[in-house]
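Taking it in order: structure first as structure tokens, then the write-up.
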Amino acid sequence: MELTVTQENLARALSVVGRVASNKTQLPILNNILLRTDGNRLLIAATNLEIASAQYIGAKIAKPGALTIPARLVSEFISSLPKGSVELKVVNDNLHIKSGSYSSVINGVIADDFPELPTINEDSSIQYSIKTEDFKQAVSQTIITTSSDSTRPVLTGVYWHSHDGELYLAATDGYRLSERRLVQTTSEVSAIIPTQTLQEVLRTIVDDATEIDILFDETQVRFRINEAEIISRLIDGNFPDYRQLIPKKTETTVIIDKADFIRVTKIAGLFARESGGSITLTASDEKKSLSLHSIASQLGENTSETAANVTGEGQVTLNSRYVSEALSVLEGDEVDFSFSGKLAPCVLRSTDVNTDYLHIIMPLKS
Amino acid sequence: MDHALWQSVLGEIELSVSHATFTTWFKNTELVDQSAEGVVISVPNIFAKKQFEVKFNDQIKSVLEKNGVTPKHITYTITTSGKRTRVNREITVDAATHQTADELLSPQPHTSQTYTTPAVSPTGNLNPRYTFDNFIVGSSNDLAYTASQAVAANPGMKYNPIYLYGGVGLGKTHLMQAIGNEIIKTRPGTRVLYISVETFVNEFLDHIRFKKKGFSEKYRNVDVLIVDDMQFIANKEKTQEEFFHTFNHLHQNNKQIIISSDKPPKSIPTLTERLRSRFEMGMTIDVQMPDFETRCAILSAKAALSGVELSQETVEYLATNIKTNIRELEGALNQLLAYAEMRGVSPDVSTAEGLLGNVRQSRPQHLTSKQIIDRTAKHFQLKVEEICSAKRDKHIVVPRQIAMYLLRSELHLSFPKIAGELGRKDHTTAIHSVEKIEKAIKLDFLIREQVASIRETLYV
């Protein structure tokens with residue numbers, strides 16, 4: 001293998017792909033990145049056997065070939081080089097890298113042992129093209145409520161599914177739930193994508209990408225962003241029927257300015273560190289306000305009040321971190337926060353009538 | 001048949017690839033279908049599927065051919081549990097196949113540890129093979145069995161802690177794990193942690209030495225804590241203190257604690273007083289040597305598990321000849337079954353007789369009465385002359401009686417002979433002594449313990 005690429009392209013591809021290379025498996029070659037010529041492009045790929053990440057970059061190829069090299073060393077070396085062209089040449093399973101006055105040799109391992117990257121049959125799978133902006137927003141709105149409890153694997157991912165002709169994303173960790181409507185669909189989909197995969201896709205999105213292609217088949221999903229591809233397994237199992245948990249009506253509704261709500265939650269949260277983030281929210285339609293109360297037995301206590309348009313009255317105790325996280329992903333400037341008593345689920349959503357997003361938090365038992 | 005075929009294919013492949021390659025790719029694979037059309041092999045994920053299709057296909061094909069199967073083609077499918085991801089280009093009417101979500105969102109428990117994910121695996125390191133169903137109950141262990149079942153039915157409510165003790169290979173671990181498995185079965189979601197005290201000690205050391213975090217959380221965040229081999233905590237003062245705090249924390253929150261050891265709490269040397277009293281506050285139960293009938297029942301059950309039916313005679317023969325513990329009993333049975341299968345003979349008494357010669361080789365055939373008296377004397381730190389003397393001090397009389405009992409039970413000497421060995425003229429003394437110790441063994445733990453440990457030294 002002998003070729004020339006630009007440092008910028010190579011460094012960017014290596015830094016994105018290299019993250020997937022894993023040192024946690026028993027197979028030592030998974031620490032390595034695969035470099036392989038493909039026509040007049042260079043394929044850069046890594047996998048941890050859950051996810052595979054691959055990127056193609058343009059290259060001037062003098063001699064085709066393939067090699068694997070340790071991910072960390074090569075990414076750090078290439079990213080430290082000055083801009084310009086980089087020559088790569090394989091001699092006796094070692095990679096000779098030359099760029100201007102820098103040259104180095106990295107010991108490689110032959111590419112034959114590197115796992116084959118899974119492929120997906122485009123004819124039998126379902127494809128969506130989604131604007132990267134929508135994708136980023138939808139994923140970051142749902143990914144925060146995924147669970148990290150490996151004893152319930154179905155909750156450790158985001159559930160992509162069709163419902164009444166639309167594609168929905170949903171995730172829950174048992175304490176909160178989020179749902180986002182994404183695009184219209186005529187196909188039927190029901191797939192749970194692992195959280196880590198979606199995080200990896202978010203990191204892979206480059207600024208100039210406008211669309212992201214998503215392809216599902218029964219066991220895997222592929223994301224394609226320009227020249228980058230991420231292929232991942234899906235989580236096996238049935239996602240719970242979460243729709244029945246969304247309250248149809250609530251007793252108390254608070255319409256509140258989002259920035260105000262974020263500020264008072266943050267302040268109340270300061271005094272709630274000892275108590276596991278527990279803050280008590282009291283809505284009063286007489287005073288037209290929402291007041292937040294938290295106590296730190298050792299340090300003191302806090303009561304913050306902010307003006308709000310309240311219908312009905314009530315009190316509920318929530319985890320301040322959950323409230324902050326939910327507010328941080330809600331769109332719009334005004335929030336509709338509704339609940340029914342101390343134990344029923346609370347619903348947060350934007351007051352915008354066109355909103356596609358819904359967030360539910362379970363109260364703390366006080 | 002498919003299973004055996006695939007096992008032999010795997011066996012052969014294991015030799016030709018590296019260990020890492022084998023465990024990464026070939027674990028959790030299975031031959032699921034075999035027909036004239038070809039064979040279907042299930043693999044765990046998409047990566048394995050691709051790898052098999054591209055890299056291992058030829059190898060598997062050639063090994064299959066060696067084993068007499070010539071598939072037209074090999075297909076690989078991905079194992080999924082139950083209903084898997086659905087992808088369909090057309091929308092079909094979907095009768096709700098989802099699991100119910102009634103208990104999905106529940107109000108959060110109000111604790112400050114809301115975010116710590118429990119450091120407990122779903123099975124709590126338990127071995128699912130140990131259940132109450134396959135525990136054989138006899139008079140020697142029915143108390144322990146009944147108490148364990150009560151604990152499994154109401155963890156944290158009745159008998160907390162439950163402390164099981166007894167010699168090696170008598171089923172303590174089996175009972176404890178059975179409690180854990182039963183709790184997990186009847187109350188899914190309960191956090192059960194099974195550890196041996198050694199794990200606790202090691203993790204505690206790591207916690208101190210490398211300032212590893214999460215030690216207390218791991219042990220205090222469980223609903224049922226099962227600790228095996230508690231006697232090894234002796235002489236470890238700091239660990240005892242840490243365990244003491246863990247114990248208190250769990251006990252106060254009504255979490256079940258289950259402990260096993262080879263000694264009762266008061267016989268563990270250097271166990272601090274506060275731990276000892278705590279161990280004794282729940283229920284302390286002695287798991288004893290199985291009696292003859294129980295041994296027979298165990299043998300029949302184990303043989304049935306291996307799909308073999310043993311004649312009553314064979315069972316009785318084995319049970320008569322092996323008395324020390326259940327593990328040895330199982331060992332002899334396995335040896336018998338393996339031998340019978342290998343030689344193509346039936347596992348009957350004559351085969352067993354031929355074999356038990358082997359089993360008993362571990363026991364010196366040339367055990368003499370002198371050795372028994374020596375060991376007994378040594379155990380009680382007496383001189384041989386003292387035991388054989390006419391002194392009637394209590395600290396000499398009991399050892400002397402034990403020696404007589406052992407001479408009778410191990411060497412089957414006649415009573416006059418036993419009396420003679422210990423410098424007595426009257427054989428009725430010997431009869432009285434043997435009877436006395438036989439009775440004491442049933443009643444007095446200390447005597448039983450001492451006899452057992454002397455007996456152990458005899459057969460090392």
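The values are calculated or read from the model by the stated rules, or taken from the named source; none is laboratory data. Note that the structure is predicted; figures quoted are calculated from it, not measured. As a convention, Cβ positions derive from the backbone with ideal geometry for all residues, glycine included, and neighbour counts pool all protein chains shown.
Only one of these is buried (at least 17 other Cβ atoms within 10 Å of the Cβ) and either at pLDDT 95 or above or closer than 21 Å to A:GLN220 by Cβ (or both): A:ALA59, A:ALA54. Name it. So that I can check it myself, show each step before the final result.
Values: A:ALA59 fails: either at pLDDT 95 or above or closer than 21 Å to A:GLN220 by Cβ (or both).
Result: A:ALA54 is the single residue among A:ALA59, A:ALA54 that is buried (at least 17 other Cβ atoms within 10 Å of the Cβ) and either at pLDDT 95 or above or closer than 21 Å to A:GLN220 by Cβ (or both).
Here are A:ASP208, A:ASP213: which of them is surrounded by fewer than 20 Cβ atoms within 10 Å (Cβ to Cβ), away from chain B (no Cβ under 14 Å) and assigned to a loop (DSSP other than H, G, I, E, B)? Steps first, please.
Working: A:ASP213 fails: assigned to a loop (DSSP other than H, G, I, E, B).
On inspection, the qualifying residue turns out to be A:ASP208.
Can you pull out the residues in region A:283-327 that are within 14 Å of chain B (Cβ to nearest Cβ), touching a Lys or Arg at 6+ places or on another chain (Cβ under 8 Å) and of a type in the set (Val, Ile, Thr)?
Of everything in region A:283-327, those that are within 14 Å of chain B (Cβ to nearest Cβ), touching a Lys or Arg at 6+ places or on another chain (Cβ under 8 Å) and of a type in the set (Val, Ile, Thr) turn out to be A:VAL316, A:THR317.
Counting residues that are more than 23 Å from the chain's Cα centre (by Cα) and polar (S, T, N, Q), which helices (runs of 4 or more DSSP H) fully inside region B:257-331 reach at least 2? So that I can check it myself, show each step before the final result.
Details: elements: B:273-280, B:292-305, B:312-321.
Qualifying helices (runs of 4 or more DSSP H): B:312-321.
I need the full set of residues from region B:163-186 which are in contact (Cβ under 8 Å) with a residue 12 or more places away in the chain and over 17 Å from the mean Cα position of the chain (by Cα), in order please. Step through it out loud before you land on a result.
Pass one, region B:163-186, residues in contact (Cβ under 8 Å) with a residue 12 or more places away in the chain: B:163-184, B:186.
Within region B:163-186, B:ILE183, B:ILE184, B:THR186 qualify.
Does region B:279-329 hold any residues that are within 28 Å of B:LEU443 (Cα to Cα) and of a type in the set (D, E, K, R), and which are they?
Hits for region B:279-329 are B:GLU280, B:ASP286, B:ASP291, B:GLU293, B:ARG295, B:GLU316, B:LYS323, B:ARG327, B:GLU328.
Determine, yes or no, whether B:THR29 is more than 8 Å from chain A (Cβ to nearest Cβ) and modelled with pLDDT under 55. If you could, list the steps in order and put the result at the bottom.
Values: more than 8 Å from chain A (Cβ to nearest Cβ): yes; modelled with pLDDT under 55: no.
Here the answer is no, as B:THR29 does not meet what is asked.
Would you pick out the residues in region A:112-126 that are within 11 Å of another protein chain (Cβ to nearest Cβ) and not small (Gly, Ala, Ser)? Explain how you work it out, then say what you get.
Initial filter on region A:112-126 (within 11 Å of another protein chain (Cβ to nearest Cβ)): A:112-120, A:123-126.
Of everything in region A:112-126, those that are within 11 Å of another protein chain (Cβ to nearest Cβ) and not small (Gly, Ala, Ser) turn out to be A:ASP112, A:ASP113, A:PHE114, A:PRO115, A:GLU116, A:LEU117, A:PRO118, A:THR119, A:ILE120, A:ASP123, A:ILE126.
From the list A:TYR128, A:TYR159, A:TYR168, A:TYR102, exactly one residue is at pLDDT 90 or above, hydroxyl-bearing (Ser, Thr, Tyr) and in the same structural domain as A:THR68 (by TED's automatic domain parsing). Which is it? Talk me through it step by step, then tell me what you get.
On the way: A:TYR128 fails: in the same structural domain as A:THR68 (by TED's automatic domain parsing); A:TYR159 fails: in the same structural domain as A:THR68 (by TED's automatic domain parsing); A:TYR168 fails: in the same structural domain as A:THR68 (by TED's automatic domain parsing).
None of the others qualify; the one that does is A:TYR102.
If only one of A:LEU3, A:LEU34 is surrounded by 20 or more Cβ atoms within 10 Å (Cβ to Cβ), within 16 Å of A:HIS96 (Cα to Cα), touching a Leu at 6+ places or on another chain (Cβ under 8 Å) and within 14 Å of chain B (Cβ to nearest Cβ), which one is it? First the steps, then the outcome.
Details: A:LEU3 fails: within 14 Å of chain B (Cβ to nearest Cβ).
From the options A:LEU3, A:LEU34, the qualifying one is A:LEU34.
Please state which one of A:ILE262, A:ILE255, A:ILE267, A:ILE279 is within 18 Å of A:ILE360 (Cα to Cα), out of contact with any Lys or Arg (no Cβ under 7 Å at 6 or more places or on another chain), assigned to a helix (DSSP H, G or I) and in the same structural domain as A:LEU330 (by TED's automatic domain parsing). First the steps, then the outcome.
On the way: A:ILE255 fails: assigned to a helix (DSSP H, G or I); A:ILE267 fails: within 18 Å of A:ILE360 (Cα to Cα); A:ILE279 fails: assigned to a helix (DSSP H, G or I).
Criteria check complete, one pass: A:ILE262.
This table checks each residue for (1) in contact (Cβ under 8 Å) with a residue 24 or more places away in the chain; (2) assigned to a strand (DSSP E or B); (3) within 12 Å of another protein chain (Cβ to nearest Cβ).
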{"site": "A:TYR128", "(1), (2), (3)": "yes, yes, yes"}
{"site": "A:GLN141", "(1), (2), (3)": "yes, no, no"}
{"site": "A:THR151", "(1), (2), (3)": "no, no, yes"}
{"site": "A:SER162", "(1), (2), (3)": "yes, yes, yes"}
{"site": "A:TYR168", "(1), (2), (3)": "no, yes, no"}
{"site": "A:VAL183", "(1), (2), (3)": "yes, yes, no"}
{"site": "A:THR186", "(1), (2), (3)": "no, no, yes"}
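Test of understanding: among A:ARG273, A:ARG263, A:ARG233, A:ARG222, which residue is surrounded by fewer than 20 Cβ atoms within 10 Å (Cβ to Cβ), of a type in the set (D, E, K, R) and within 13 Å of chain B (Cβ to nearest Cβ)?
Working: A:ARG263 fails: within 13 Å of chain B (Cβ to nearest Cβ); A:ARG233 fails: surrounded by fewer than 20 Cβ atoms within 10 Å (Cβ to Cβ); A:ARG222 fails: surrounded by fewer than 20 Cβ atoms within 10 Å (Cβ to Cβ).
The match here is A:ARG273.
Can you name every residue in region A:234-287 that is over 30 Å from B:LYS49 (Cα atoms), aromatic (Phe, Trp, Tyr) and in contact (Cβ under 8 Å) with a residue 40 or more places away in the chain?
Filtering region A:234-287 down to residues over 30 Å from B:LYS49 (Cα atoms) leaves A:241-287.
Subsequent filtering for residues that are aromatic (Phe, Trp, Tyr) retains A:242, A:261, A:271.
Answer for region A:234-287, where residues must be over 30 Å from B:LYS49 (Cα atoms), aromatic (Phe, Trp, Tyr) and in contact (Cβ under 8 Å) with a residue 40 or more places away in the chain: A:TYR242, A:PHE261.
Is it the case, given these coordinates, that B:LYS66 is surrounded by fewer than 20 Cβ atoms within 10 Å (Cβ to Cβ), among the charged types (D, E, K, R) and within 14 Å of chain A (Cβ to nearest Cβ)?
no
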